[in-house]
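Presented below is the structure to which this report refers.
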Amino acid sequence: MSRISKKQFDLVISKIAGEDVVPLANFLKTRKDISEFEIAEKIGAEINSTRNMLYRLDQANLVTSNRKKDEKKGWYIYYWSFRTEMVADLARQIRENKIKKLKEKLDKEVKRVMFLCENECVALDFDQALDFKFMCPECGLIMNHKENGKEYVEAIRCKIKDLEKGMI
């Protein structure tokens, strides 16, 4: 398992289970077999809310639970443990998905042909400009081919490089 920072840990938990689950995950990550009642008390949340958060972590396979019967009341109590080894894998998956989406966005941006009028009212792609007969729908001027946003394309490329290096 590769080590990840607290910031990355919090980001992964937030993306996977929701921002409200981050305090619970931080509390649980260094503990084993903690009852859901103790977890609720320590994080200051209602038991139903705590269970909901634990179930969201369970759906992402980030926690395990054991069920034990309370001898006095006859109820089953769940004891939870955090699976820290899963966080690094989920962080990697999130990063890979971001890279994939950014590469798709970059591909579209590079291939897209844009048209713009002199007043820069609206920017239209080829099909939209054709629909308006290359006349601006706002001011009526002729629309001309526009260079793709080189700064925007370069920013996407830089973000992809940073993600591939594991910097983000």
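The values are calculated or read from the model by the stated rules, or taken from the named source; none is laboratory data. All of these numbers come straight from a predicted model, not from anything done at the bench. Because the Cβ atoms are built from the backbone with ideal geometry, glycine has one as well, and the counts that use them run over all protein chains shown.
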Number of the condition not met by residue 81 [criteria: (1) touching a residue at least 40 places away in the same chain (Cβ under 8 Å); (2) in contact with a helix residue (DSSP H, G or I) (Cβ under 8 Å, 6 or more places away or on another chain); (3) farther than 16 Å from residue 27 by Cα] = (3)
What about residue 41, is it assigned to a helix (DSSP H, G or I) and more than 30 Å from residue 160 (Cβ to Cβ)?
-> yes
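Yes/no per residue for (1) among the hydrophobic types (A, V, I, L, M, F, W, C); (2) at pLDDT below 90:
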| residue | (1), (2) |
| --- | --- |
| 75 | yes, yes |
| 86 | yes, no |
| 109 | no, yes |
| 122 | yes, yes |
| 132 | yes, no |
| 142 | yes, no |
| 152 | no, yes |
| 155 | yes, yes |
| 160 | yes, no |
Would you check which residues across region 85-98 are surrounded by fewer than 16 Cβ atoms within 10 Å (Cβ to Cβ) and closer than 15 Å to residue 30 by Cα and list them?
-> 85
